[in-house]
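Structure first, then comments.
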Amino acid sequence: MDTRYLRSLIAVVECGSIAKAARLENLTAAAVSQRILALERQLGLQLLVRVGHEAKPSLACMDLLPRARCIVNEVALLAGDVDTQGLTGPLRIGAISTVLTGLLPQALRSLTRSTPQLKPVIVPGTSRSLYQALEASELDAAIVVAPPFALTRSFDAVLLRKEPLVFISNEHAPHSIGARLQSSPYIQYDPDAWGGRHAVQYLQDHGLTLTALLDLDALETIALLTSEGLGVSLVPCWSGIERWTSSCVVEPVGDERYDRRIVLISHAHGARTRMVEALRQALQEKAQ
């Protein structure tokens, strides 16, 4: 069995469509479809259920998916087995959106220069979804907001940066932050997001009860809407915020209790510990 075909199957399941998986693997959609058909013939099973433009895994596919991921992962580690430094092969890195546009690009540039044989595979997502992917061993490391719970001993976490809570609006005003929050439409960083809880805590501690105009787990969008005068918001001062707030007034709330903490979480005893360590060093150099 060609393990590249298994990798294509996994890509289709994760992307939700053959077309998206083909773009991810730099193949044509027809080539990916042929790979899936070959697997189905070899296994004597229907692996995908096609609904419109989507492709969903069959029950049989879901049953074999964990072992398929394990096989693909083990094959990917083969090149590293002959590297005594343990720095050869793919490293699957999950990252939230503000890390993708802020902290990660420069760190990746440094990482790929110092360890050219390491091949980063970047997976975007929310902190919650990336942590779940890490639990399922679908990722080697994840750069996320610090979880609102204690990690088990199977994971290591390294603090990369603290992001102070700031108030953003599109104009200067002599009134307090609390007064402006109460008198302006409030664009809320989604309270269900791991990073959104700090703004919620700030409002509670200051006795502020607001009706949100919008709930968004997209800080860049919140900043753009604020700059257009649609409302005000409380957001963390993330790396690269200045790209989105050039038309905003940014005011720190001045209390580190509401800082958002960005951490690198990885498996404590994973197969790619040296790669993760190289990633950590690159990230901490750029986070300073």
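Read-outs throughout are calculated quantities, based only on the coordinates presented, and are distinct from any laboratory measurement. Just so it is clear, the structure is predicted and the values come from calculations on it, not from any experiment. Cβ coordinates were reconstructed from backbone atoms using ideal geometry, including for glycine residues, and neighbour counts include every protein chain displayed.
At-a-glance table
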item	result
Extension gain (nm, one decimal) between Met62 and Gln281, 0.36 nm per residue minus Cα-Cα	75.2 nm
Spatially close lysines, pair count over the chain: Cα under 23 Å, gap of eight or more or interchain	4
Choice from Thr112, Thr98, Thr211 with maximal GNM fluctuation in the chain (Cα, 10 Å cutoff)	Thr211
Approximate spin-label separation Ile122-Glu228, in nm, with each point projected 7 Å along Cα-to-Cβ	2.5 nm
Surface/4 of the Cα convex hull for region 72-201, nm²	10.7 nm²
Considering only the chain, percent of DSSP beta bridges that pair antiparallel, nearest 5	60 percent
On Cα atoms only, tilt of 273-287 relative to the major axis of the chain in degrees	30 degrees
Among Ser176, Ser246, Ser110, residue whose mean-square fluctuation peaks in a GNM of the chain (springs only between Cα atoms under 10 Å)	Ser176
Difference of contour (0.36 nm per residue) and Cα-Cα distance, Glu242 to Asp205	10.6 nm
Residue-wise HN-Hα coupling along region 7-13, computed from phi with Karplus coefficients 6.51, -1.76, 1.60 (Hz; x: Gly, Pro)	4, 5, 4, 4, 4, 5, 4
Among 224-230, 202-208, the order from most to least packed when residues are scored by Cβ within 10 Å on average	224-230, 202-208
Per-residue HN-Hα couplings for region 96-113 [Karplus 6.51, -1.76, 1.60; θ = phi - 60°; Hz; x = Gly/Pro]	6, 4, 5, 6, 4, 9, x, 7, 6, x, 5, 5, 5, 4, 5, 5, 6, 6
Listed values (1) 22.0, 72; (2) 18.2, 52; (3) 18.6, 57, entry calculated as Rg and Dmax of the Cα atoms in Å	(1)
Between region 181-211 and region 32-64, the Cα center-to-center distance that results, in Å	45 Å
Expected 222 nm ellipticity per residue - DSSP helices of 4 or more, -39500 (n - 2.57), all of the chain, to 500	-13000 deg cm²/dmol
The chain: most fluctuating residue of Val72, Val51, Val121 per GNM, C-alpha cutoff 10 Å	Val51
Relative contact order of the chain, pairs being alpha-carbon contacts under 8 Å that are 6 or more residues apart, as %	21 percent
Debye equation applied to the C-alpha atoms of region 1-82, log10 I(q)/I(0) at 0.17 Å⁻¹	-0.63
Stretch gain in nm, segment Arg109-Ala38, where the contour uses 0.36 nm per residue and the Cα spacing is subtracted	21.8 nm
Other-chain or far-sequence residues with amide H under 5 Å of Ser58's (modelled H)	Leu48, Val49
For region 234-288, radius of gyration divided by Kirkwood radius, i.e. Rg to Rh on alpha-carbons	1.11
Once the Cα gyration tensor of region 165-258 is diagonalised, semi-axes √(5λ) in Å	17, 15, 13
Dipole axis of the chain (+1 Lys, Arg; -1 Asp, Glu on Cβ), positive-most option in Leu216, Gln34, Gly89	Gln34
